[in-house]
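In what follows, a structure is listed as structure tokens, so that the remarks can point back to it.
Each reported figure results from applying straightforward, stated rules to the coordinates on display, with no laboratory input. Remember, predicted model here, so these are calculated numbers, not experimental data. A quick note on method: Cβ atoms are made from the backbone with ideal geometry, for glycine too, and the neighbour counts reach across all protein chains shown.
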Amino acid sequence: MKYDAIIVGARAAGSPTAMLLAHKGYRVLLVDKAHFPSDTVSTHYIHQPGVARLVSWGLLGKVADSNCPPISKATLDIDSTVIKGSSTTEEFGEDAYSPRRRVLDKILADGALEAGAELREGFSVDQILMDGERVIGIRGFTRNGSVVKEFAPVVIGADGVRSLVARTVRARTYDAKRSFSCSYYSYWSGIAMEGAEVYVRPRRIVAAWPTNDDLVIVFVELPRDDCEEFRVDIEGNFLKAIQQVPGLAARVSLARREERFYAAADLPNFFRRPFEPGWALVGDAGYHRDPVTAQGITDAFRDAELLSAAINNGYSGTQPLEFALADYERQRNQAVKGMYWLTCRLAAHRIPGGRLLLWALKGDQAETNRFIGTVVGTSSISEFFSPINLLRIIGKRCLRGKSSSRPAHDPSTKPKFTTPVQSRNCLHRT
Ligand SMILES: Cc1cc2nc3c(=O)[nH]c(=O)nc-3n(C[C@H](O)[C@H](O)[C@H](O)COP(=O)(O)OP(=O)(O)OC[C@H]3O[C@@H](n4cnc5c(N)ncnc54)[C@H](O)[C@@H]3O)c2cc1C
């Protein structure tokens, strides 16, 4: 066969997988119906673990050179209880970045090309070819309509949440949860920002952060039940949502919107079994979660490394391929277990620890940074949100002084918090 692997989809998951396999000397065909550079509906915040992978692949320089500023500070404001922290970590060292997808995906596709993969843009796969139960190749057509078949021992679906590869092989879905939300975003010039800002308000999550070319992306996520009504007047409802954050609304009112609104609805949460003989899945095709924690690109990068290492182990005879791919699935699931839980809770506006935790974090920068690290992916979620740790943090705050004001209690405006620690005894001492 001409190729060792065919990869369908050449964005956050497909291009790095192709690049890493090509670096190992494999013959890789990478196809995408899109041409690059091109956008896709997705915001593009890359947390430090994802940035660290760009560094190790030698691609961060190109991102930084694209007039994309580093992001080192984060502000989280839950119903006006505010904590500020640094999202830069000792372990990963790097700042976060948020390159536009048309910038990032081009850099990734070029990386695959430079590593020796063959890239076919404007190539739309319409059929996954099977021999009995086994996938053996793809059929697709080029922009000028010619139909082409290609064959390889493994076809990798990096073709996104609605993956044709996954549908064709009926990949088993597990631990699925319904779609909790929909989201809207656009880009403004002339907004001053100091890092990333995230605001949780009743039935709305609002976020803003800098991206390429001195633009700021402003993002609103809302519960699924509100989406239909929101859609009736997107601009009006978007502005209404950010008016719940007067400081940001004031800056937006003085700024200029440079692009249309982008919308994303039906954002399911699921795992798919990512392999069987002849095929594998990577990125959103294999694991999808709500965008609220901005993990998809970072996840895709990690899984590109895990999958390419598994295929290399199988092809080189280090391990039977099937065992290597089973390890890939295990490692992926282990890596995202806590984040999947956290993401689904945040998407459902169920903030672990809620305002009580935020109150306890105030004035404790080390714990605040650890808390921010749970979303960044640099602190252990299960450890941080364990009842014993939450009790410890709240206890520390109680001991820090009676003078501290306790969190305001206003049930009418409060989002639905989950408070793992029920005892508020220490609060009565204030
Ligand atoms: C509103 C929203 C906001 C988000 N914000 C963030 C964020 O801030 N940070 C973050 O990390 N993640 C974010 N994500 C998630 C992120 O977009 C995805 O996790 C990421 O794009 C997954 O990359 P992928 O390569 O797996 O799939 P995709 O980016 O979906 O790429 C799939 C590619 O496959 C190609 N393809 C599909 N079918 C075929 C076919 N039949 N033939 C040929 N080509 C095909 C497509 O053209 C496409 O280029 C967000 C998602 C949404 C919806």
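What per residue convex hull volume, in Å³, comes out for the range 285-360 when only alpha-carbon positions are used?
Measuring per residue, one finds 95 Å³ for the Cα hull of the range 285-360.
Which ordering of E118, E194, E367, E221 is given by a fewest-first count of other beta-carbon atoms within 10 Å?
Neighbour counts put them in this order, fewest first: E194, E118, E367, E221.
How many lysine pairs in the range 39-152, separated by 8 or more positions in sequence or lying on different chains, have Cα atoms less than 30 Å apart?
Here the count comes out as 6.
Does the range 139-184 come out rounded, prolate or oblate, given a ≥ b ≥ c as the square roots of the eigenvalues of its C-alpha gyration tensor, rounded meaning a/c under 1.5 and, failing that, prolate meaning a/b above b/c?
In terms of gyration-tensor shape, oblate.
Could you derive backbone 3J(HN,Hα) for the range 137-148 from the dihedral phi with the Karplus parameters 6.51, -1.76 and 1.60 (θ = phi - 60°), listing whole Hz in sequence and x where the residue is Gly or Pro?
In residue order, the calculated couplings are x, 10, 10, x, 10, 8, 4, 7, x, 6, 8, 10 Hz.
In debye, nearest 20: dipole of the range 60-163 around its Cα centre with unit charges on the Cβ of K, R (+) and D, E (-)?
Once rounded to the nearest 20, the dipole reads 440 debye.
Calculate how many DSSP beta bridges within the chain are antiparallel, expressed in % of all such bridges and rounded to the nearest 5.
In the chain, DSSP labels about 70 percent of beta bridges as antiparallel.
Under a 5 Å amide H to amide H cut-off, with H placed in plane at 1.01 Å, what residues pair with I78 once short-range neighbours are removed?
For I78, the qualifying residues are I83, V200.
What fraction of the Cα pairs in the chain, stated in percent, has a spacing above 29 angstrom?
Value for the chain: 48 percent of Cα pairs lie more than 29 Å apart.
Around S181, which amide H atoms from residues at least 5 apart in sequence, or from another chain, sit under 5 Å from its own amide H, with H modelled in the peptide plane?
It is R224, L267, by chain and number.
With θ taken as phi - 60° and the coefficients 6.51, -1.76 and 1.60, list the Karplus ³J(HN,Hα) couplings across the range 358-372 in order, rounded to whole Hz; mark glycine and proline as x.
4, 4, 5, 6, 4, x, 10, 5, 5, 5, 4, 5, 5, 4, 4
Mind pulling the angle between the C-alpha long axis of helix 14-23 and the longest principal axis of the chain? Nearest 10 degrees, somewhere in 0 to 90.
The helix 14-23 is inclined about 60 degrees to the chain.
Which residue, F271, L222, I156, has the largest displacement toward the positive end of the dipole of the chain when charges sit on each Cβ (Lys, Arg +1; Asp, Glu -1)?
My answer, from the dipole projection, is L222.
Within a 10 angstrom radius of the beta carbon, how do K396, K33 rank from fewest other beta carbons to most?
K396, K33
Ordered by residue, what ³J(HN,Hα) values in Hz, to whole numbers, does the range 262-270 give under the Karplus form 6.51 cos²θ - 1.76 cosθ + 1.60, where θ = phi - 60° and Gly and Pro are x?
10, 10, 9, 10, 6, 10, x, 10, 6
What's the exposure ranking of R345, R100, going from fewest to most Cβ atoms within 10 Å?
So the residues, fewest neighbours to most, are R345, R100.
Using modelled amide H (1.01 Å from N, peptide plane; none on Pro or chain starts), what sits under 5 Å from the amide H of I7, excluding residues fewer than 5 places away?
L29, L30, V31, I156
To the nearest 20 debye, what is the magnitude of the charge dipole of the range 1-43 about its Cα centre, counting +1 on the Cβ of each Lys and Arg and -1 on the Cβ of each Asp and Glu?
Taking the Cα centre of the range 1-43 as origin, the dipole is about 160 debye.
From the residues S146, I7, F238, which one has its Cα farthest along the dipole of the chain in the positive direction, the dipole being from +1 and -1 charges on Cβ of Lys/Arg and Asp/Glu about the Cα centre?
Of the listed residues, the answer is F238.
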